[in-house]
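Notes follow once the structure below has been shown.
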Amino acid sequence: MIRFIHSTYWRKRRELKVTLLGALLAGTIATVFAETGVTPKPTAVARGAQLYSDYCVSCHRKDGVGEPRVPWSIRRPDLIEAMPLNETSHAWHHSDEQLVTMILDGTERSRRRMPVFRNVLSISDATDLVAYIKSLWSDRILACQGPNHMRCM
Ligand code: HEC
């Protein structure tokens, strides 16, 4: 009986250790992208603004207003306009982590036009770009970012 209690005790301790390690790791990963819905830091916004003017403004335009829609009658059938990144489109429906991934790898659709930046920009560059993009949103929209977006629809 004592042996049984003893071994259960150690098994439980081991399980606890594994759980704690898991939580710790998850915590570390979460802190990298824990900013969804949170006001970005001014230093990150400033760095992001510089990167934005170097790599993104040509398509997504000043202040992230995006390209104007080309009317149906005169548009090339394969044209995809660069959508606004300010709060008038749906960039804010995505979490910080999703936006970072979209910037670095694009989406199936965006890759038809937007360059893949994985070999040009680092994760921290992309994170700063996200900070800049978020600085274009109102507090209300920021609070509804990502998984919370239905609250502001
Ligand atoms: C050559 C033009 C071009 C450049 C340069 C460009 N983009 Fe894009 N971007 C696009 C197009 C086109 C799409 C896809 C639009 C669509 O799916 O309707 C897109 C989509 C996106 C999306 C997804 C938005 C959403 O709501 O789904 C993000 C985020 C984005 N771009 C950020 C950036 C950032 C940041 C940069 C600079 C590092 C950048 N883009 C540079 C054209 C461009």
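All of the numbers you see were taken from the coordinates with simple rules; none came from a lab. Predicted model, so just to flag it, every value in this text is computed and none were measured. Every residue, glycine among them, receives a Cβ derived from its backbone with ideal geometry; neighbour counts consider all protein chains shown.
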In the neighbourhood of Ala143 defined by beta carbon distances under 15 Å, the net charge of the other residues (Lys, Arg +1; Asp, Glu -1) is -1
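So if R0 is 22 Å, what FRET efficiency would Glu108 and Arg69 give, r being the distance between their Cβ atoms, rounded to the nearest 0.05? Let's see the in-between values first.
Values: r = 21 Å, r/R0 = 0.96.
Computed FRET efficiency for Glu108 and Arg69: 0.55.
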For segment 114-119, Karplus couplings with θ = phi - 60° (6.51, -1.76, 1.60), whole Hz, Gly/Pro x = 6, x, 7, 9, 3, 8
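What's the FRET efficiency of Met153 with Ala46 using the Cβ-Cβ distance as r and R₀ = 25 Å, to the nearest 0.05?
On the way: r = 31 Å, r/R0 = 1.25.
With a Förster radius of 25 Å, E is 0.20.
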Taking placed amide H atoms and a strict 5 Å upper bound, the residues 5 or more places from Thr36 or on another chain that come that close are Asp96
Built amide H within the under 5 Å cut-off of Leu85, gap 5+ = Val65, Gly66
Quick note on Asp139, Asp125, Asp63, ordering by fewest other C-beta atoms within 10 Å, gives Asp139, Asp63, Asp125
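Sorted by mean Cβ packing within 10 Å, highest first, what order do the peptides 65-72, 87-94, 41-48 take? The partial results should precede the final answer.
Values: 65-72: 11.5, 87-94: 18.5, 41-48: 15.8.
Sorting 65-72, 87-94, 41-48 by mean packing, highest first, produces 87-94, 41-48, 65-72.
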In nm, the gap between the two label points placed 7 Å beyond Cα toward Cβ at Val120 and Ser58 is 0.7 nm
